[in-house]
Each structure stands twice: as C-alpha cells, then as structure tokens.
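The values are calculated or read from the model by the stated rules, or taken from the named source; none is laboratory data. Note that the structure is a prediction, hence the values are computed from the model and not measured. So basically every Cβ, Gly included, is an ideal-geometry build from the backbone, and we count neighbours across all protein chains shown. Ligands, DNA and RNA are excluded from the accessible area calculation, which covers all protein heavy atoms including side chains. Shrake-Rupley method; radii C 1.70, N 1.55, O 1.52, S 1.80 Å.
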Amino acid sequence: MIQYSEVREAALTFLRELKFAARTLSRAKGLTVTVVLTLALGIGANSAIFTLVRGVLMRPLVNRDEDRLIYIRQSARGLGVDDTTFSVPEIQDLRSGVKSISSFGDFSTIGFSMVGLGEPREIQAGVVGGTYFEVMGLHPVLGRLLDMRDDGPSAAGAMVLTYKFWRTSLKGDPTVIGKTVRLSERSATIVGVLEPSVPYPADTEIIANVVTSPHHLSATMVTGRVHRMTELFGRLAPGATLESAVAELRTVHGAMIRQHPEAYSPRADVRIDAVRLRDQITSRARTVLLVLMAASILVFVIACSNVANLILARTVRREGELGIRAALGASSAALRRTLLAESLLLCGAGATLGVLSARPMVAILARYASRFSVRALDLTVDSSMLWVGAALAVAAAVFLAFVPRLPSSASHGFGLASGNLRITGSANRRLRVFAVIQIAASFVLLAGASMLLKTLLALQSAPTGLDTRHVLAINVPVSSYGKAPDQIEGFYKETIRRVSALPGVEAVAVGTAVPWRDSNYGFGMAFTADGHVRMPGEDDPRARFRVVSPGFFAALGVPVIAGRDFNDSDRRSGEPVVMVSLSLAQKLFPNQDALNRHVMWSDPVIKFIDVSPEPRRIVGVVADVDDVNVVPAAALTVYQPMTQMPGWAGRLFIHASANPYTLVTPVTRIVRNLSADQVVERAATLEDIRAEVLTPDRLNTVVFGGFAAVALLIAVVGVAGVLAFSVSGRTREFGIRLAVGSEPRHILTGVITQGVVMAAVGIIAGAACGYGLATLAKSSFEDMKMPDAVTVIAAAAVLLIAAVVASVLPAARAARVDVMQALRSE
C-alpha cells in the first residue's frame with residue numbers, strides 16, 4: 001500500500017520540478033509566449049465549440065418528461081416532401097386508433113394582423129387545441145395557459161404570449177394579462193405568458209385558441225382530409241416506447257390510406273414517422289455543429305503539432321543539459337518528469353487564456369448558430385467550459401512531454417562533445433512529421449472553406465430574372481382591411497394609384513408572395529390543360545399558384561414573352577384568365593402556341609382555399625421567375641389576376657428610380673390614411689431580402705474560412721520553423737558545399753524544394769484523410785457534399801504557394817552562410 005509519506009514526497013518532488021520548469025521557461029520568453037498563444041487558440045476554440053454543441057444538442061428541454069414527448073410527421077417522398085403536416089380528419093383517426101400515445105397536441109402556424117398592442121403588426125401565431133400545452137408539458141410565467149375550457153367553437157377568443165415577444169416587444173409589461181386585442185377579424189383576450197421554451201415548429205409570437213381563426217372552424221378545415229396544415233405532437237403512454245408508437249402509427253396510417261385512396265396518391269408515397277421532439281428540434285443544426293466541432297479539433301491538432309515542433313526543437317538544443325543530467329545518474333523517468341512539468345505549465349497557461357477567450361467566442365458563435373437553431377439564442381456558459389479546457393490542457397501536456405527522445409546514461413558522449421547543434425535523423429524526421437500533420441489538417445480545412453466560398457459565390461452570382469436593386473417589397477396583408485372583395489380590390493387599387501404619384505416611383509403592383517422571403521408559398525397545386533394527356537400512372541403536373549395585379553411584371557422587371565399583361569378588363573364577372581411561365585408553356589405545349597389554351601386546377605385542395613376548377617384562358621407567357629429558390633430552377637407557375645381574386649393579395653411592390661428606402665415613410669403614410677389599422681411592415685429591397693436568405697451560407701463561409709486561415713497561418717509558421725531549424729543544423733554542410741564551388745542558388749532551391757516536398761506530402765495525406773472523413777460523414781449526413789476537383793486543386797495551390805513563401809527566408813539564410821565561419825564551427 002502506498003504510504004502517505006511517499007505521496008507527500010512525490011508531490012514535493014514534482015512541485016520542485018514545476019519551480020525549476022518555471023525558471024527555465026522564464027529564460028525562453030519567446031518560446032513560452034508562442035506556445036501559450038498557439039495552445040490558447042486551439043483550446044479556446046474547442047472549449048467554445050463544445051459549449052455550443054452541448055447547449056444546442058445536449059441540453060435538456062424545459063418541457064416536462066421530454067423523453068416521452070414526440071413529434072409526428074408525414075412525408076411524401078414521391079413529391080420530394082420529407083416533412084408535411086396533417087389534416088383534421090387524419091388527426092382524429094390517429095387519436096382514436098393509436099393507444100401507445102396517451103395524448104396528442106395539434107399546432108397550426110398562421111399569420112394574424114394584430115391591432116391593440118401598439119402599432120398594428122403582422123404576427124406569426126400558432127393556433128392550438130385545448131390539449132396542446134398539457135401534451136407539451138409547459139408552464140406559464142404569468143397568468144395561465146390555454147386548456148380544454150378554451151377549446152371548441154363556442155369558446156371565447158383567448159391567447160398566450162410567448163416569453164420572447166412579451167420581453168422584447170412589450171418590455172415585460174405585467175399588466176397585459178386581461179387585455180383584449182383584435183386578431184384579423186376576431187378578438188382575443190391575453191390570458192397568460194408562456195415560460196421560455198424552444199419555439200417549435202415555428203418561431204411564433206402568440207399562441208391562440210382555435211376560435212380566433214375562422215378558417216379553422218370552417219367545414220373545409222374540419223372535414224377536408226387533404227387540407228393539411230397542422231403539426232402534430234404526442235406524449236408516449238406509460239410503458240410505451242418510441243419504436244412501439246411508430247409501429248402502431250404506421251399500422252393505423254396504412255388503414256387510413258386503404259380506406260381513403262382518393263386522398264393518397266400512390267405516386268406521392270405518403271408515409272408516417274415519429275421522432276423525439278429534441279431530435280427534431282436539433283436536426284437542422286446537428287450537421288453544422290458537428291462539422292464545426294470537427295474543424296475545431298483539426299485546429300487543435302494543428303496547434304499541438306506546431307507546439308510539438310517547438311518543444312522538440314528546444315529539446316534538441318538542450319541535449320547538452322539533458323545529457324549531463326543523464327550522465328550524473330538521472331533516470332529517463334526523472335527527465336520525462338521535467339519535460340512534463342514544463343508542458344503542464346505551458347498548457348495550463350494556454351488553457352487559462354483559451355478559456356478566457358472562449359467566452360466572447362461563444363457569444364459570437366451563438367449568434368451564428370442561431371441561424372440554424374433557436375436554442376443557441378439563450379445559450380449560457382457554465383463550468384463545463386473549464387472542465388473541457390482542463391482536459392485538453394492535460395491531454396496536450398502529456399502528448400508534448402513524450403514527443404522528444406531522451407538521452408540515457410548509456411549514451412556515451414551524448415551532447416557533451418561540443419556546444420554546437422547536432423540534429424539527429426530521428427529528431428529531423430519527427431519535426432517533418434509534425435509539419436506534414438499541420439499541412440494535412442490545414443488542407444482539409446482549406447478545401448472545405450474553398451468549397452463553401454465557391455458555393456456562396458455561385459449563389460450570389462446566380463441570375464434571378466428580377467430587378468432586385470430597385471424593387472421595394474412591403475407587407476400589406478389584406479386580412480386587416482376586411483373580407484368584402486370590392487373593398488379589398490378598391491383598397492389596393494387606390495394604394496397603387498397614390499403610391500404611383502410619389503416622386504421617384506416608376507411602377508407599383510401587388511402580389512401574393514415576396515420572392516425568397518415568403519418561401520412557404522412554394523407549394524404546388526395539380527392542374528391540367530387543353531390537350532395535355534397523362535401517361536398511365538402519371539399524376540397531373542403541379543404549378544405554383546400566384547395572384548398579381550396588372551403591372552406586376554413590369555414592376556419587377558420580368559419580360560412578357562408572348563401575349564399581354566393583365567388589365568382592368570379582367571373582372572370577376574368576366575372571362576377567367578391566367579398568365580403562365582415559359583417553362584410551363586414549353587412543358588405543356590411543346591412546339592406549340594400556349595396563348596388561348598386553357599388550364600384548370602385539379603388539385604383536391606382548391607375547394608378548401610376558395611379556388612374554382614373552371615377553365616382559365618392563357619392570355620400571356622412570361623419569363624420564368626423562381627421566387628422560392630435562391631438558385632433559380634425551371635418554375636412552373638400560373639398567375640391569376642388580382643381583379644378576379646383580390647383576397648389573395650398582400651404584398652406591395654414598388655419600382656423606384658432612386659433609393660427605394662426613401663419611399664417607406666410616404667408609402668406608410670398613404671396606406672394608414674386609407675386604413676388606420678392597416679399593417680405596413682418589413683420594407684426591404686429584393687436585393688436585401690435575397691442577401692438575408694443567403695446569410696447562413698455567408699456565415700458558414702466566414703466561420704470556416706476563419707478556421708482555415710488560422711490553420712494555414714500556423715502551418716506556414718510550422719514549415720518555416722522546421723526549415724529554419726534544419727538550416728541551423730546544416731550550417732557546416734552548406735559551408736563545405738559553398739567552399740567546393742556549389743552555387744548559392746542551388747542551396748536556395750534545395751531548401752525551398754524541401755518545403756514544397758513537405759507541403760506535397762501533407763496535401764496527399766490530407767486529401768486521403770479528408771476523403772475518408774467525408775465518405776464516413778456522408779453515410780450519416782445525406783446533405784454532406786464532397787469538394788470538387790477545382791476546389792481541391794485551389795486548396796493545394798494555396799498550400800504550395802504558402803510553403804514556398806515559408807521556405808524563402810530559411811533558404812535565403814542557407815544561401816548566405818559565411819564559408820569561413822562555417823568551417824571553423826567545429
């Protein structure tokens with residue numbers, strides 16, 4: 001058994017080693033500062049990333065018994081839809097047939113125009129049944145939540161504020177409880193404030209009961225099996241598992257499909273599945289965060305390799321000192337303990353500085369990660385960062401202590417012959433191996449960052465077919481004005497007339513959706529057309545449904561290719577007309593004239609959204625406009641005139657000759673003069689809207705580009721250090737070569753070649769490892785992309801150029817060796 005005195009003596013011995021190490025390192029200030037800063041960078045980055053990953057992916061939800069809370073989803077793989085919603089009849093069938101789920105909670109995302117809490121505003125809301133909050137296991141911080149007393153068509157309108165909306169928009173006002181506000185056509189009383197929680201499935205501002213939405217009470221909503229707009233959650237029954245619940249859901253769902261074949265197209269391949277709610281919430285952020293963690297680990301590897309080179313080089317310079325200690329009887333364990341003490345001091349200082357720097361890094365990375373997961377918004381830094389920093393410091397210290405080769409008492413004359421530097425083949429190989437590791441890891445990061453940069457540039461340069469710079473889009477939702485079609489049409493026409501009279505306005509129009517921002521309008525509806533014959537087993541084609549006013553295409557800079565634009569003669573009482581995109585015309589009427597043909601909506605959903613299946617004559621063909629995807633694709637779109645469907649408008653588009661933002665104030669004044677309670681908000685140019693959509697891609701490029709730049713800098717310093725050390729050990733060799741007539745340029749070229757060879761070996765190793773890692777990741781993450789040849793070549797070229805630059809200074813020093821001094825060095 002180990003005695004206390006032995007432990008005490010060992011501790012005192014190691015304490016003396018630490019004091020000796022501190023004195024030794026104080027005489028090598030340059031090395032100490034370089035090592036500490038390099039380790040701080042690697043440890044700080046990893047501590048910050050771990051905190052982010054832990055907070056977003058591992059932190060428990062506030063929901064009661066979250067491990068029993070599941071998210072249920074349908075998919076239509078045949079239509080390319082991985083996650084779709086449910087209809088009320090489908091939910092009723094699941095409630096009655098599935099026993100392994102004790103209760104279901106439903107949630108529909110909807111937009112309201114809210115009047116009564118400050119300025120009129122358009123808000124994102126959730127409409128829920130009375131069981132929702134009980135199923136989700138959430139609690140109020142003020143008032144109460146909705147429950148069964150708020151359910152049903154006869155209940156009074158009631159709503160709960162989300163915590164974020166209450167704190168930010170209402171400044172945490174406790175007097176809001178009991179206030180009544182207008183939500184579009186209905187009124188609702190504020191009954192409570194929800195506790196801070198993850199806003200899923202949508203980042204809503206309020207959650208209201210069903211009676212606040214007339215559409216949810218309509219027969220089309222209650223009875224329409226294909227009218228799917230509700231998210232579904234469930235709580236597992238006691239003793240049930242996720243697997244048993246999924247099996248039962250699939251059984252009941254299969255029976256539904258067999259009983260209602262008209263609602264489930266065989267081509268759509270409709271299926272049902274369920275996952276734990278936390279897995280669903282974090283799914284979008286998981287890939288990004290794990291790749292980010294892999295990048296930080298590579299930076300740590302690069303930092304440790306660089307520090308290992310510095311430690312190894314210093315140990316070679318200390319061979320005389322270590323050799324004397326070995327000759328005097330010091331064991332390898334004692335010498336290794338000395339190196340471990342130095343490494344612990346260096347790594348401890350680096351970890352301390354790294355953890356301190358990690359706090360602001362966490363704040364920056366949290367804002368970045370919030371683009372992928374709302375969980376990052378309320379991220380807090382706790383003691384886990386300290387433990388991560390300490391663990392990384394100990395791991396690095398042990399690694400660095402065992403990098404150098406130690407002398408032993410049997411090494412005759414080891415380091416005693418002279419005070420000159422001698423580099424053994426083993427030391428030189430280790431130096432080069434660590435340099436190659438740095439280059440390999442840097443290549444992986446650089447190739448990934450180059451791929452992201454190339455993707456971003458392609459997205460930014462993709463043609464949109466729109467005049468994005470001069471078009472201002474403003475949300476002016478129709479629901480706050482009233483439901484009478486004549487009133488709606490008159491309101492928009494008068495708005496267009498008055499705004500058109502403003503100085504600098506070239507064109508004004510209204511439409512259904514703002515490009516890219518209203519991407520939820522990307523759904524397609526089935527239709528048919530004159531002369532179009534379906535192949536056996538083929539479904540009707542699907543097209544995007546848009547409602548626009550006359551002048552819409554001119555305002556957005558979209559050319560009319562054939563036929564005419566809509567005009568005021570296209571009345572509700574007149575002939576139904578449409579315009580179609582060029583892709584639709586070419587697909588449905590190849591090598592034919594699409595004008596004066598007819599299209600008819602055949603999708604079952606049209607009866608739920610007040611769209612008739614009557615034939616509509618094509619009066620115009622316009623260039624494709626993909627207002628959903630940032631990189632445009634062929635867009636099958638059918639445009640209907642606002643004059644025949646005024647209730648579908650809601651977005652104002654203004655083409656300006658100068659700065660469009662100068663029009664926001666006068667336009668707002670005009671609209672409010674027409675209707676004091678009208679919502680007017682989210683004014684932005686199409687250029688800025690597109691830039692906002694690209695923000696996640698831009699942030700990815702900046703973050704991973706930053707990692708790659710740091711890695712490249714460390715690798716360049718590492719290559720330069722290895723070559724400089726090699727040159728200092730080969731001074732006599734270079735002197736002899738120069739003395740016998742060798743040209744300085746040959747020595748210069750030789751040293752640079754060494755640097756290029758190290759870089760080439762590192763690039764090959766990095767390419768092999770990167771390919772293996774990417775292949776492994778691709779098996780787990782379907783959206784993982786492999787860098788293309790151009791990206792790989794570009795990354796390799798950057799590293800080779802960097803290696804040449806890093807080699808120039810040591811090579812120049814080698815070529816300028818003084819011959820006589822080199823020959824006298826021995």
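Assuming ILE606 fulfils every condition listed in (1) outside any loop (DSSP other than H, G, I, E, B); (2) surrounded by 16 or more Cβ atoms within 10 Å (Cβ to Cβ); (3) modelled with pLDDT of 90 or more; (4) more than 33 Å from the chain's Cα centre (by Cα) apart from one, which condition is it? That leaves (3) as the condition not met.
THR131 meets the stated requirement of being of a type in the set (Ser, Thr, Tyr) and closer than 24 Å to THR85 by Cα. With respect to the conditions (1) closer than 27 Å to PRO477 by Cβ; (2) touching a Leu at 6+ places or on another chain (Cβ under 9 Å), PRO120 falls short on a single one, namely (2). When ARG534, ARG469, ARG497 are checked against the criterion of being charged (D, E, K, R), free of Cβ contacts under 8 Å to residues at least 12 places away in the same chain and more than 22 Å from VAL671 (Cα to Cα), a single residue qualifies: ARG534. Taking every residue in region 366-390 that is part of a helix (DSSP H, G or I) and pairing it with any residue that is open to solvent by 30 Å² or more (accessible area, probe 1.4 Å) and small (Gly, Ala, Ser), at least 6 positions away or on another chain, the pairs with Cβ-Cβ distances below 6 Å are ALA376/SER370; LEU377/SER370. With a requirement of 3 or more residues that are open to solvent by 10 Å² or more (accessible area, probe 1.4 Å), the strands (runs of 3 or more DSSP E) lying completely within region 618-704 that satisfy it span 681-685.
In the condition set (1) more than 30 Å from ALA709 (Cα to Cα); (2) open to solvent by less than 50 Å² (accessible area, probe 1.4 Å); (3) assigned to a helix (DSSP H, G or I), ALA449 is compliant with all but (1).
When LEU161, LEU138, LEU142, LEU170 are checked against the criterion of being within 28 Å of the chain's Cα centre (by Cα) and open to solvent by 10 Å² or more (accessible area, probe 1.4 Å), a single residue qualifies: LEU138.
All conditions in (1) touching a strand residue (DSSP E or B) at 6+ places or on another chain (Cβ under 7 Å); (2) under 22 Å from ARG682 (Cα atoms) hold for THR637, with the sole exception of (2).
Could you tell me whether region 580-587 includes any residue that is in contact (Cβ under 8 Å) with a residue 12 or more places away in the chain and touching a Gly at 6+ places or on another chain (Cβ under 9 Å)? Yes. Residues in region 13-22 that are of a type in the set (Gly, Ala, Ser) and either free of Cβ contacts under 8 Å to residues at least 40 places away in the same chain or open to solvent by 40 Å² or more (accessible area, probe 1.4 Å) (or both): ALA22 alone. The set of residues in region 563-579 being under 19 Å from VAL508 (Cα atoms), part of a loop (DSSP other than H, G, I, E, B) and touching a residue at least 24 places away in the same chain (Cβ under 8 Å) consists of ARG564, ASP565, PHE566, ASP568, ASP570. Given the structure, is ARG314 modelled with pLDDT under 75 and open to solvent by 10 Å² or more (accessible area, probe 1.4 Å)? Here the answer is yes, as ARG314 does meet what is asked. Yes or no: VAL193 more than 30 Å from SER283 (Cα to Cα) and either crowded, with 21+ Cβ neighbours inside 10 Å or of a type in the set (A, V, I, L, M, F, W, C) (or both)? No: the conditions fail for VAL193.
Within region 148-172, residues that are closer than 26 Å to PRO214 by Cβ sit with their Cβ atoms under 8 Å from residues that are among the hydroxyl-bearing types (Ser, Thr, Tyr) and in a strand (DSSP E or B), at 6+ positions apart or across chains, in these pairs: ALA156/THR189; GLY157/SER187; GLY157/THR189; ALA158/THR189; MET159/THR189.
Highlighted here are the strands (runs of 3 or more DSSP E) found entirely within region 23-116 that include at least 3 residues which are crowded, with 16+ Cβ neighbours inside 10 Å and hydroxyl-bearing (Ser, Thr, Tyr): 101-115.
Rundown of residues vs (1) touching a residue at least 12 places away in the same chain (Cβ under 8 Å); (2) aliphatic (A, V, I, L, M); (3) part of a helix (DSSP H, G or I), yes/no style:
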residue: PRO238; (1), (2), (3): yes, no, no
residue: VAL246; (1), (2), (3): yes, yes, yes
residue: LEU249; (1), (2), (3): yes, yes, yes
residue: ASP273; (1), (2), (3): yes, no, no
residue: CYS304; (1), (2), (3): yes, no, yes
residue: ALA308; (1), (2), (3): yes, yes, yes
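Check region 212-233 and report whether any residue there is farther than 20 Å from ALA156 by Cα, within 34 Å of the chain's Cα centre (by Cα), surrounded by fewer than 16 Cβ atoms within 10 Å (Cβ to Cβ) and not β-branched (Val, Ile, Thr). No, every residue in region 212-233 fails to be farther than 20 Å from ALA156 by Cα, within 34 Å of the chain's Cα centre (by Cα), surrounded by fewer than 16 Cβ atoms within 10 Å (Cβ to Cβ) and not β-branched (Val, Ile, Thr).
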